[in-house]
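The next block holds one structure in the form of structure tokens; read it before the comments.
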Amino acid sequence: GPTSVMMVKNDWAERGGFEGWLDFDITEPTLGFVMKIKFSKPVSAINRPAHTKVVGHNEDGTEWMLTNTDDLLYMKPGDHIQIRFTADLAGNDHSGAPSATAVIIGLGNDPWSVPEQKSTCSAKYNYDDVMMKSIMFYEAQRSGKLPADNRIPWRGDSALGDQGDNGEDLTGGWYDAGDFVKFNFPMAWATVMLEWGFLSFKDAYASAGQTQHMCDSVKWPLDYLLKCYIPGDKADPDDDILYAQVGSGSLDHGKWG
């Protein structure tokens with residue numbers, strides 16, 4: 001993993017301490033890490049390390065292990081991180097701050113990171129990337145039999161047995177709020193808003209190469225919502241059925257998983 005040689009920023013070894021900085025250049029996607037620091041002299045305490053917390057050390061205090069805090073959970077290639085800390089010297093040698101080397105060991109890689117969409121305009125922000133990832137967010141909410149061109153690698157088919165009271169096929173649609181219920185009214189509202197934005201800014205979607213993705217995105221809930229309307233006897237509109245929800249919100253929200 002990435003390595004660093006400690007820079008001694010401030011040295012008050014005669015009073016038993018020093019301030020050290022460690023700089024790392026990240027070369028691969030990393031989800032969480034441990035950091036091993038090896039000092040040339042024993043250290044009795046590492047205080048207030050930035051973005052990390054102390055896990056432990058060896059018996060003589062020359063080797064320390066730290067782990068990331070939540071604000072530095074994910075790192076991507078090209079990131080530069082700096083870990084600053086103060087430390088207390090152990091023992092009687094207070095002639096100067098120790099030297100130290102450190103290595104970051106990633107606990108996991110993220111093979112599913114979505115690369116940034118290249119911007120096709122000179123705007124301050126990359127709206128092409130915003131559009132692409134907004135569409136992919138809804139693709140991640142898909143229920144039912146997923147298409148062959150599914151772009152969310154960790155998603156698979158789900159809820160293939162969703163049915164109405166009379167056995168009607170109610171598969172498809174979007175899950176709501178990251179759970180396993182399909183609430184049709186919020187789904188319909190989201191679909192209308194997405195379609196409204198698309199129709200208002202078709203040129204922007206075309207320029208970003210997102211036209212077909214957007215059409216596929218809104219078609220998914222629309223196909224499902226059409227399934228939810230079951231026409232009855234033409235002579236009696238009261239026989240029509242409209243399913244407005246699949247699943248129990250109270251049961252679903254009552255447990256994790």
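The values are calculated or read from the model by the stated rules, or taken from the named source; none is laboratory data. Model, not experiment: these values are computed from the prediction. We place every Cβ from the backbone using ideal geometry, glycine too, and count neighbours over all the protein chains shown. The accessibility values were calculated without ligands, DNA or RNA, using every heavy atom of the protein model including side chains. Shrake-Rupley method; radii C 1.70, N 1.55, O 1.52, S 1.80 Å.
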Item to check | Per residue accessible area of segment 156-257, 1.4 Å probe, in Å² | outcome: 63 Å²
Next on the checklist: Among 44, 122, 134, which one shows the highest mean-square fluctuation when the chain is modelled as a Gaussian network with alpha-carbon springs under 10 Å?
Outcome noted: 122
Next on the checklist: Counting only helical runs of four or more DSSP H residues, what would the 222 nm mean residue ellipticity of the chain come to if each run contributes -39,500 (n - 2.57) and the total is spread over all its residues?
Outcome noted: -7000 deg cm²/dmol
Item to check | Of the DSSP H helices in the chain, those whose Cα atoms cover at least 15 Å axially and whose Kyte score averages 1.6 or more | outcome: none
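Is there a quick way to get the dipole size of the chain? I mean about its Cα centre, with the Cβ of Lys and Arg at +1 and of Asp and Glu at -1; what is the value in debye to the nearest 20? Mind dumping the intermediate values first?
Details: 22 positive and 37 negative charges, 189 e Å.
Roughly 900 debye for the chain.
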Checklist entry - Accessible surface of residue 213 in the full protein assembly, 1.4 angstrom probe, to the nearest 10 Å²? => result 60 Å²
Next on the checklist: Quick check: pseudo-label points 7 Å beyond the Cα along Cα→Cβ at residue 25 and residue 86, how many nm apart are they?
Outcome noted: 3.2 nm
Item to check | Scattering profile of the chain at q = 0.08, 0.15 Å⁻¹ [log10 I(q)/I(0), Debye over alpha-carbon scatterers] | outcome: -0.56, -1.04
Checklist entry - Please identify the trypsin sites (Lys or Arg not before Pro) of segment 64-150 that satisfy two criteria: DSSP loop assignment and at most 15 other Cβ atoms within 10 Å. Which are they? => result 118, 124, 145
Checklist entry - Among all the lysines, which ones have a C-alpha under 27 Å from residue 133's C-alpha, if same-chain residues fewer than 8 places away are not counted? => result 76, 118, 124, 145, 182, 202, 219
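Assigning unit charges at the beta carbon (Lys, Arg +1; Asp, Glu -1) and nothing else, what dipole magnitude in debye, to the nearest 20, does segment 1-145 show about its Cα centre? Numbers along the way, then the final one.
Details: 14 positive and 19 negative charges, 81 e Å.
Magnitude of the dipole: close to 400 debye.
Fully extended, how many nm does the chain gain between residue 63 and residue 223 (0.36 nm per residue separation, minus their Cα-Cα distance)? Display every interim value, and only then the final one.
On the way: separation 160, 0.36 × 160 = 57.60 nm, distance 6.02 nm.
Additional length available on full extension: 51.6 nm.
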Item to check | Projected area averaged over orientations for segment 59-176, convex hull of C-alpha atoms, nm² | outcome: 14.6 nm²
Checklist outcome for this item: Those trypsin sites (Lys or Arg not before Pro) from segment 223-257 that are DSSP loop and have at most 10 other Cβ neighbours within 10 Å turn out to be 234, 255
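Sorting 201, 85 by accessible area (1.4 Å probe), largest first, what list results?
Numbers: 201 130, 85 5 Å².
I get 201, 85, largest accessible area first.
Ignoring ligands, DNA and RNA, what percent of the 1.4 Å accessible area of segment 214-255 is carbon and sulfur? Walk me through the numbers before you get to the answer.
Values: 1650 of 2760 Å².
Taking all protein chains in place, segment 214-255 shows 60 percent carbon and sulfur surface.
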Checklist outcome for this item: Between the modelled labels at residue 236 and residue 252 (7 Å from Cα along Cα→Cβ) the distance in nm is 3.2 nm
Next on the checklist: Not counting ligands, DNA or RNA, and with a 1.4 Å probe, what is residue 211's accessible surface area in Å² rounded to the nearest 10?
Outcome noted: 50 Å²
Item to check | Partners for residue 9 among lysines (Cα-Cα distance below 21 Å; same-chain residues under 8 apart left out) | outcome: 36, 38, 41, 53
Checklist entry - In nanometres, what is the gap between the two model label sites at residue 12 and residue 125, each 7 Å from Cα along Cα-to-Cβ? => result 4.4 nm
Next on the checklist: Using DSSP to call loops (not H, G, I, E or B), can you name the chymotrypsin sites (Phe, Trp or Tyr not before Pro) in segment 114-180 whose Cβ has at most 10 other Cβ atoms within 10 angstrom?
Outcome noted: 125, 154
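Would you mind working out the magnitude of the charge dipole of segment 71-217 relative to its Cα centre, with +1 at each Lys and Arg C-beta and -1 at each Asp and Glu C-beta, to the nearest 20 Debye? Let's see the in-between values first.
On the way: 11 positive and 20 negative charges, 88 e Å.
Charge dipole of segment 71-217: 420 debye, to the nearest 20.
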Item to check | Nearest-10 value in Å² for the accessible area of residue 86, using the 1.4 Å probe | outcome: 30 Å²
Checklist entry - Efficiency by 1/(1 + (r/R0)^6): what FRET value for residue 244 and residue 103, r their Cβ-Cβ distance, R0 = 51 Å, to the nearest 0.05? => result 0.35
